[in-house]
1. So, in the stretch B:325-369, how many residues would count as being of a type in the set (D, E, K, R), in contact (Cβ under 8 Å) with a residue 60 or more places away in the chain and assigned to a helix (DSSP H, G or I)?
2. Are there any strands (runs of 3 or more DSSP E) wholly within the stretch B:22-140 with 2 or more residues that are more than 23 Å from A:GLY314 (Cβ to Cβ), away from chain A (no Cβ under 14 Å) and touching a strand residue (DSSP E or B) at 6+ places or on another chain (Cβ under 9 Å), and if so which?
3. Determine if the stretch A:237-244 includes at least one residue that is at positive phi, at pLDDT below 90 and outside any helix (DSSP H, G or I).
4. I need a count of the residues in the stretch A:297-329 that are within 14 Å of chain B (Cβ to nearest Cβ) and free of Cβ contacts under 8 Å to residues at least 12 places away in the same chain.
5. Are there any pairs with C-beta distances below 8 angstrom linking a residue in the stretch B:117-129 that is at pLDDT 90 or above and exposed (fewer than 13 other Cβ atoms within 10 Å of the Cβ) to a residue that is in a strand (DSSP E or B) and of a type in the set (A, V, I, L, M, F, W, C), with the two at least 6 apart or on different chains, and if so which?
6. Any idea which residue in the stretch B:320-345 is nearest to the chain's Cα centre (by Cα), counting only those that are under 16 Å from B:PRO456 (Cα atoms) and crowded, with 17+ Cβ neighbours inside 10 Å?
7. Report those helices (runs of 4 or more DSSP H) wholly inside the stretch A:16-124 carrying at least 3 residues which are in contact with a Gly (Cβ under 7 Å, 6 or more places away or on another chain) and at pLDDT 90 or above.
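The values are calculated or read from the model by the stated rules, or taken from the named source; none is laboratory data. Given the structure is predicted, the values throughout are model-derived calculations rather than measurements. A quick note on method: Cβ atoms are made from the backbone with ideal geometry, for glycine too, and the neighbour counts reach across all protein chains shown.
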Amino acid sequence: MRALILSLSLIILGAPCQGFEVEDHKRFGAADAVRVLRVISTADISFFEPIIHSYLAGNPDVAVDYTVASSSELMRALYDEKLPFDLAISSAMDLQIKLANDGNARRHRSNRTQNLPDWAVWNDLVFAFTQEPAGFVISNAAIAGLPVPQTRQELIRTIRQSPEIFQGKIGTYDVRLSGAGYLFATQDARASDTYWRLTEVMGAMDTQLYCCTSQMIEDVASGELAIAYNVLTSYAEQSPHRDKFTIILPSDFSIVMLRTMLIPAASQNPELAGDFLDFVLEQTFPKGTSPLLQSSALGQVDEHALHRIQLGPGLLVFLDQLKKRNFIAEWENAILQD
Amino acid sequence: MSTPSSRGSIRQRLLLLLLLSASVIGVLLFVVFQSVARQMTQESQDNILAASAISILDNARVRRGEVFVDLPYSALSMLDSVSDERAFYAVRLNNEFLSGYEDLPRPANFAGNNTAFMSAQYLGQDIRLASARRSFSTDEGSAFLEISVAQTLTGMKQSQARISRISVWVGIGFFALSALLALLVARTTIRPLDRLTLSVSRRGPSDLRPVTAPVPSEMVPLVSSLNRLMARLQNSLAQSEDFIAEAAHRVRTPLAIVRTQAETTLRRVEKAENRAAIREMIRAIDESSRAAGQLLDHAMVSFRTDSLSDDLMSLAATVTETVERLRPLCELNDVEVRLSISSQACIRGDAILVQSALHNVLDNAIKYAGRESTIEVTLSGNQTTANVTISDTGPGFPAGQTGAMIERFARGTNAQGIVGSGLGLTIVDEVVRAHGGSVELTNTESGGGCVHLSFPLA
C-alpha cells in the first residue's frame with residue numbers, strides 16, 4: 001500500500017508525467033508513517049501548517065502530503081485526471097460544488113458534521129470551514145480627510161466627488177483571470193443592481209485589474225492604489241503593512257466566501273481524510289477559533305449584512321459556459337470603457 | 001340437566017368478521033394513502049423541475065437573430081431549497097447541445113406537450129428529469145430550444161420513507177379504532193340474547209309464563225318457540241301432578257277397604273290358625289299400603305325436587321308442625337318426643353318436601369325405637385347452617401352400614417319384623433341434598449340412632 005502511494009505520488013509529482021501545475025509541495029510527519037494523507041489545496045502551506053502540526057501531534061502514525069495548486073489546476077487534477085487525493089481544500093466554492101455535484105466527491109457523515117450550521121455543509125459532500133468576507137481595502141494616505149465609505153452607495157458618491165484621487169487608482173479583480181473575483185462579482189451582481197453602477201463608475205476611473213489578492217493589497221499598501229474593491233479581507237488582515245490601509249466590510253451587504261473541503265471520490269484513505277476533516281471542523285466550529293478564521297473584520301458588520309455564498313447547485317449557474325460568456329461580456333462593457 | 005353442546009360463538013364470529021374487514025380496509029387504506037401521497041410528492045417534484053426548466057426557457061431571447069440563453073440563478077438554486085440535491089441541466093437547440101451536461105438523458109418524445117418527465121440514471125444516481133421546449137424564430141427559420149433539468153432523489157426518498165411510516169400508522173390506527181368499535185358492536189348485538197337468557201334463568205321453578213318482553217325481530221321465532229315449549233311443559237306438569245294424586249288415591253283407597261274387610265273378618269274368625277293367617281294378611285296389607293304411600297311420596301319428592309321452589313321458610317315452624325302431627329302416633333306407641341328449638345333459622349326451599357323428610361325420619365324413629373323409648377328433636381343453628389338432630393333410644397344403626405342405609409330399598413340388618421319399604425332415608429337424603437344440605441347417620445353414646453340434617457341458611 002505504502003509502496004503504491006509512494007509510487008503514485010512520484011508519478012504525480014514527477015514533472016514529466018504531471019498533468020496539472022503544482023505551485024508548492026511539502027510533506028509533514030514521519031518518513032516511515034503508516035498512513036499518508038494526500039491533500040490538494042489552494043491555500044498556501046504557511047496558511048495550513050499550524051493545523052497540520054497540531055493534527056500530527058495527536059496522530060504520530062500519519063504523514064500529510066500537502067500540494068498547493070490554483071483552483072483551476074485543482075479542478076483539472078480531480079475532475080479530469082481523477083488523481084487519488086484524499087482531501088481537496090479550495091476557496092473556489094463553485095468548483096467544489098461542481099466536483100461534488102458531478103459525482104467526484106465522497107459522502108462523509110460524523111457527529112461533527114451533523115452539528116454544522118446549514119450554510120456550512122452541502123449534501124454531506126462539501127464542508128465549509130472558514131468565512132472570508134470581501135470588502136474595501138482603502139489606503140489611509142490616499143483618502144486622508146475624506147469620509148470613509150461604509151456602503152457601495154457611499155463609495156460611488158465618494159469616487160464621483162473626488163475623481164482626482166481615484167483616477168487610475170482603483171483596483172479590483174479581473175474576473176476573467178481570478179476565480180474568486182468572478183465568484184464575488186457574480187454574487188455581488190445577484191445581490192444588488194448597485195454592482196453594475198459601481199462597475200461602470202470604476203470603469204470610468206480607468207480601474208486597474210488584478211489576478212491576485214496579494215498583489216492588490218501590496219499596491220494599496222504602497223500607495224499605488226487608493227482603494228481596492230472586493231478584496232478577500234482575510235489576506236489583507238495578515239499583510240505586514242496592516243497599518244497602511246483600512247479594511248471596510250460594506251454594511252449594505254458583504255459577500256462572504258466559504259473555504260471548503262471535500263473528500264474526492266478517488267481517495268484511497270477516505271477514513272483518514274474524514275478524520276482530518278472532522279479535526280479541522282473541530283477547530284473552526286462553533287467558536288471559530290481556527291487559525292484560518294481570525295477575521296476581526298467579521299465583527300464589524302451585523303449578521304444580517306453578511307451574505308454567505310450559498311453552497312448548492314445555484315453556484316453551477318455561473319459556471320455555465322453561456323452564462324459565464326454573457327456575464328463577462330457585460331462586465332467588460334462596464335469596466336473597459338475605451 | 002345436561003349442558004347443550006356449543007359450537008362456535010356468535011360474538012366471536014361477528015368479532016372475527018368485523019376485524020377481518022377492518023384489517024382488509026386498514027391494508028387498503030395504507031396502500032391507497034401511500035400511493036396517493038407518493039404520487040403527490042412525485043408531482044410536486046415534477047412541478048419544481050418543470051418550473052426550473054420553464055424559468056430557463058423564459059429567460060431565453062432571440063437577439064440579433066440568434067437564440068440567447070441566460071441561465072437564471074434561481075433555476076438551479078430552487079432545486080436545492082428543500083433538501084440538498086445534486087442538480088443537472090442541459091440546454092439544446094435543435095438537438096444540438098449548447099451548455100450544461102452533454103450526456104444528460106432526454107425524454108424520447110414530448111407526446112404533443114411542451115414538457116415531459118422521465119426517471120433515469122445519471123452518474124450512478126437515480127434522477128428525475130423534466131424537459132421543456134419552445135420554438136423561436138431565428139434567422140435560419142424556426143428553432144426548438146429544449147431545456148432539461150434533473151435532480152437526485154434524496155429528498156423525495158426521505159419524504160417517501162416518511163409517508164410510508166405515516167401510512168403504516170394510519171393503517172394501524174384505523175385497525176385499532178375499528179377493532180374497538182367491533183368489540184363494542186359485537187357486545188351490543190349479543191346483548192338482547194344475554195338479556196333473554198338472564199330473564200329465563202332468573203325465573204322460579206313453577207314460573208312457566210310466556211316471555212313477553214320485546215326482543216329484536218331476529219329473535220322473535222326463537223322466543224315464540226320457547227313460549228310454545230313452556231306452554232307444553234306447563235301442560236304436561238299439570239298432567240303429571242294430576243296423575244300422582246290419582247295414583248295415590250287409586251292405590252290407597254282399595255288397600256284401606258281391603259284392610260277394613262280383613263279386620264272385620266278377623267273378628268269373626270274363631271280358629272287360631274285362621275286368625276294368624278288373617279293377621280299375617282293385615283300385616284302384608286299394611287306393608288303394601290305403606291310401600292305404596294312411600295313410593296308415591298318418593299315420586300312426589302323426585303318431581304318436586306326437579307323443579308325445586310325457593311320460597312323462604314321457617315325451619316322451626318316446619319319442625320314443630322311435623323312433630324305435632326306425629327304426636328298422636330307417638331302416644332299410641334308410648335314414645336315420648338322432646339322438642340328443643342334454639343334457632344329461628346330460615347332456609348330457602350320447599351316446605352312440603354322438608355316436612356316429608358322430617359316425617360320420614362321421625363316415623364322411622366318411632367318404628368324402630370320401640371315402646372317406651374324417647375325421641376329427642378333439636379333444632380340448632382350457626383352462621384351458615386341450620387341443623388336438625390333426631391336421636392332415639394332404640395337399637396341404633398348397624399355398625400358400618402350407615403352409608404348403605406341411604407340406598408334405595410336398603411334396610412338395616414336389624415330391621416326384621418318391622419314394616420318398612422327401605423325408601424324412607426332415600427327420600428330424606430334426596431330432599432336434603434336438593435336443598436344443598438347433607439345427611440349424617442350416627443349412633444348415640446347409649447347406642448340409639450341419630451340422624452343429623454343440616455341445611456344452608458337462606
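1. Number satisfying all stated conditions: 1.
2. Details: elements: B:60-63, B:66-69, B:87-93, B:96-100, B:115-122, B:125-138.
Those strands (runs of 3 or more DSSP E) span B:115-122, B:125-138.
3. Start the filter on the stretch A:237-244 by keeping residues that are at positive phi, which leaves none.
Scanning the stretch A:237-244, I find no residue that is at positive phi, at pLDDT below 90 and outside any helix (DSSP H, G or I), so the answer is no.
4. 9
5. B:SER119/B:ILE127; B:SER119/B:LEU129; B:GLN121/B:ILE127
6. Looking at residues that are under 16 Å from B:PRO456 (Cα atoms) and crowded, with 17+ Cβ neighbours inside 10 Å, I get B:ALA345.
7. In the stretch A:16-124, no matching helices (runs of 4 or more DSSP H) lie anywhere.
Rundown of residues vs (1) of a type in the set (Gly, Ala, Ser); (2) away from chain B (no Cβ under 12 Å), yes/no style:
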position: A:ALA92; (1), (2): yes, yes
position: A:GLN96; (1), (2): no, yes
position: A:ARG106; (1), (2): no, yes
position: A:ARG112; (1), (2): no, yes
position: A:PRO117; (1), (2): no, yes
position: A:VAL121; (1), (2): no, no
position: A:LEU125; (1), (2): no, no
